[in-house]
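K.L.:
Here you go, one structure.
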Amino acid sequence: MSVLKEMFENLTHKPATILYPKEKVPIPPAFRGRIAIRDEKCIGCSKCAVVCPTQCITMVANERPVEVKGKTITRKKKPEVELFACIRCGLCEEYCPTDPKAIYLTNEFSGAGTDKGVVVK
Ligand code: SF4
Ligand code: SF4
């Protein structure tokens, strides 16, 4: 195909690219996006930190009363996640015992940044 022919064909077609982030791309249902935490649901069991393959979850001191199986206990810790060390495997969400999950993957993109220390609390 000659270059001129290809040029004219491309002029009549819609662009193959989109103007992200102005235009949003369709996100499939099983998409694994940015990690998030529902702190109000977290009972501080540390299961998420134990199963995380990249060890990007740190349990930090945070005391408050929580309900577990009808009993009130004192939660001692809560998770914090190093955003850019998370590989979005979903294991933390799978093993988190709460309903709804206290730690979970959203359908948001993680974005990019120069600060490696971004922490999700
Ligand atoms: S999704 Fe991220 S935070 Fe959760 S277990 Fe996997 S790597 Fe760790
Ligand atoms: S987020 Fe879930 S798995 Fe992690 S400490 Fe809280 S309750 Fe346990």
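The values are calculated or read from the model by the stated rules, or taken from the named source; none is laboratory data. Note that the coordinates shown come from a computational prediction; the quantities given were computed from them, not determined experimentally. As a convention, Cβ positions derive from the backbone with ideal geometry for all residues, glycine included, and neighbour counts pool all protein chains shown. These area figures cover heavy atoms from the full protein model, side chains too; ligands, DNA and RNA do not enter into them. Shrake-Rupley method; radii C 1.70, N 1.55, O 1.52, S 1.80 Å.
K.L.:
Looking at region 24-49, which of its residues are open to solvent by 90 Å² or more (accessible area, probe 1.4 Å) and either in contact (Cβ under 8 Å) with a residue 40 or more places away in the chain or charged (D, E, K, R) (or both)?
P.N.:
Within region 24-49, LYS24, ARG32, GLU40, LYS47 qualify.
K.L.:
When the residues of region 84-106 are narrowed to those that are more than 10 Å from ligand 1 (Cβ to nearest atom) and of a type in the set (Val, Ile, Thr), which ends up surrounded by the fewest Cβ atoms within 10 Å (Cβ to Cβ)?
P.N.:
Here the answer is THR106.
K.L.:
Restricting attention to region 84-110, and to residues there that are within 12 Å of ligand 2 (Cβ to nearest atom) and in a strand (DSSP E or B), which single residue is farthest from GLU40 (Cα to Cα)?
P.N.:
Of the residues in region 84-110, the ones within 12 Å of ligand 2 (Cβ to nearest atom) are 91-104.
If we keep only those that are in a strand (DSSP E or B) as well, we get 103-104.
Details: ILE103: 11, TYR104: 13 Å.
Restricting to residues being within 12 Å of ligand 2 (Cβ to nearest atom) and in a strand (DSSP E or B), the top hit is TYR104.
K.L.:
Would you tally the residues in region 50-70 being crowded, with 16+ Cβ neighbours inside 10 Å, within 11 Å of ligand 2 (Cβ to nearest atom) and not β-branched (Val, Ile, Thr)?
P.N.:
We begin by selecting, within region 50-70, every residue crowded, with 16+ Cβ neighbours inside 10 Å; these are 52, 56-57, 59, 66.
Okay, now just the ones that are also within 11 Å of ligand 2 (Cβ to nearest atom), so 52, 57, 59, 66.
Okay, now just the ones that are also not β-branched (Val, Ile, Thr), so 52, 59.
Residues in region 50-70 being crowded, with 16+ Cβ neighbours inside 10 Å, within 11 Å of ligand 2 (Cβ to nearest atom) and not β-branched (Val, Ile, Thr): 2 in total.
K.L.:
Right, something else. Which numbered condition in (1) assigned to a strand (DSSP E or B); (2) open to solvent by 80 Å² or more (accessible area, probe 1.4 Å) is the only one that VAL81 fails?
P.N.:
(2)
K.L.:
I would also like to ask the following. For region 15-54, give me the residue count where each residue is closer than 28 Å to LYS69 by Cα, within 13 Å of ligand 1 (Cβ to nearest atom) and not in a helix (DSSP H, G or I).
P.N.:
Total meeting the criteria: 5.
K.L.:
Within 14 Å of ligand 2 (Cβ to nearest atom), open to solvent by 70 Å² or more (accessible area, probe 1.4 Å), farther than 29 Å from PRO21 by Cβ and not hydroxyl-bearing (Ser, Thr, Tyr), is that true of ILE73?
P.N.:
yes
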